[in-house]
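Have a look at the structure below, then the notes.
Coordinate-derived values only; no laboratory data. Everything quoted here is computed from the prediction, not taken from an experiment. Neighbour counts are summed over all protein chains in view; Cβ atoms, including those assigned to glycine, are modelled from backbone coordinates with ideal geometry.
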Amino acid sequence: MTQNWDTLIIGAGAAGLAAGRKLFDAGQSILIVEARPRIGGRIWTDEAFADFPIDLGAEFIHGEEAATHALVAAAGFGTLDAPRKKKLQIGADGILYRVDQLPPPLAQTVRALFAAYADLAQQTWRHHDQSLADYLRTCGFDAQAIGLADVLLAQTCCASIETLSCADLAREMRVDHAGQQEFHIRQGYTALLQHYSRGLPIRLDCPVELVRWSTDGVEVVAGGEQLRAAHGIVTLPIGVLQSGTVRFEPPLPPAKTHAIAAFRMEPGTKLFYRFAERLWDDDLVYVCHTGLAARWWTPGYGRANAHVLCCFVTADRARRIDAMPEAAALALGLAEIGSLLGQPDLAKACVQAQRVCWAHEPFTRGAYAHTPPGAADARLHLAQPLANVLFFAGEATAHDTNPQTVHGAIESGWRAARQVLEQG
């Protein structure tokens, strides 16, 4: 087979761009093909909604040691602290409490939940994996506490607490090297990826239909063209791989297909609201409660005149909000947060609002991937190369770092690129 490129990369999200950057800088001829008319994948920054960049998808740098910081520094960009853990507020019985001022019974429950969660990493799960919900039940927590844990712990993983693998959570805790602090990028995530990918050969509006692979190389049918290379890197989201919209010839082997099928990719939805003035305390950073619009933060925290609230929900909550007409969903969110903030007329002060449903995005089909009990090895199996020709990256493959994060996706792209370069 005549090779047109050294490596073809499918997907121009964080993983695909990271792989492309490393290979291109190593002197390889590469091509990145992307179905969307933009780069970024689940990173998508809106410059028009407010007076500062709003990230409609991935938003935070998770960890003071995350690999993303080096890219931010290289671009000459800056970050803002997003101290969500320190400034967590919890809504209970219609009242919003700072986490350090909770009523004693609730404070005891929250402390116990976080302690039980942290203890996951100290246990051996390989032969008795269970859901986070079942684990908490064995720890003696009641249904009300588990409902709170669903919001505080499972929703962060874009998962239901009933389907979230303890073994996978423990693995991540053990390999975490990013840290606990969180940050926003001043210029937004898209600007960072645009800088990072400068000079890379990328074809947009080029959806892949077929990937043929053999020991001789890969042939990708995309955008009506046949593209050939010695190696291929697949960075498609799990939801797309599960959909079958991209075919493989020959079909992927059972270990790979079983790994893909094992994942769960739940909906993830954001509701954004802009106001003419800030109607909440300067210290408002992160709010959780057990309503439908359960998790809130202030995307503009640390900026002047940034009057925006964001609600992010996943799994069943997102599914229910997605099923509503947009106006009804936005009204519900405002009613719930307005009640907690003591601002029942918050809707009157809202000047712009929008909903972003990632489950409805055809080239994503959900938020982030998680593994159910008994499937914690799926990340490692998904990451395994095939015939030293076809390689896999993306946040779902991040078995040695944090999945469900941008830096996890970036590190997976670097890993796949190293595997390609090892082939000579």
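Label reach from residue 352 (point 7 Å along Cα→C-beta): in the stretch 278-319, amide nitrogens under 12 Å belong to 307-308.
Whats the longest run of the chain with zero GluC sites (Glu not before Pro) that are DSSP loop and have at most 16 other Cβ atoms within 10 Å? In short, 278-421.
Relative to the longest principal axis of the Cα atoms of the chain, helix 326-341 runs at roughly 50 degrees. Measuring spread by the Cα atoms of the stretch 152-195 yields a radius of gyration and Dmax of 14.5, 40 Å. Is there a pair in 87/270; 22/270; 85/270; 270/348 whose C-alpha atoms are over 30 Å apart, and which pairs would that be? Pairs exceeding 30 Å: 22/270.
Over all directions, the projected convex hull of the C-alpha atoms in the stretch 272-318 averages 3.4 nm² in area. If only the Cβ of Lys and Arg carry +1 and only the Cβ of Asp and Glu carry -1, the dipole of the stretch 88-175 around its Cα centre is close to 220 debye.
Here the label points at residue 127 and residue 74, each 7 Å from Cα along the C-beta direction, are separated by 4.5 nm in the simple model. Taking the fewest neighbouring Cβ atoms within 10 Å as the starting point, the ordered list for 174, 21 is 174, 21.
I'd like the orientation of helix 406-421 relative to the chain: the angle between its Cα long axis and the longest Cα principal axis, in ° from 0 to 90, rounded to 10. Once rounded, the angle reads 10 degrees. Its DSSP H runs of at least 4 residues, each contributing -39,500 (n - 2.57), put the calculated 222 nm mean residue ellipticity of the chain at -9000 deg cm²/dmol, to the nearest 500. Please report, to two decimal places, log10 I(q)/I(0) for the stretch 88-175 at q = 0.15, 0.18, 0.24 Å⁻¹ as given by the Debye formula with identical point scatterers on the Cα atoms and no solvent. For the stretch 88-175, the Cα-only Debye profile gives -0.56, -0.78, -1.25.
Count Lys and Arg as plus one, Asp and Glu as minus one, and take only other residues whose Cβ is under 13 Å from that of residue 228; the net charge is then -3. Going through (1) 1.22; (2) 0.97; (3) 1.01, the figure that equals Rg/Rh (Cα atoms, Kirkwood Rh) as computed for the structure here is (2). Once the Cα atoms are used to define both axes, helix 166-175 deviates from the longest principal axis of the chain by about 80 degrees.
Could you please state, rounded to a whole Å, how far the C-alpha centre of the stretch 1-44 is from the C-alpha centre of the stretch 313-388? Going from one Cα centre to the other spans 27 Å.
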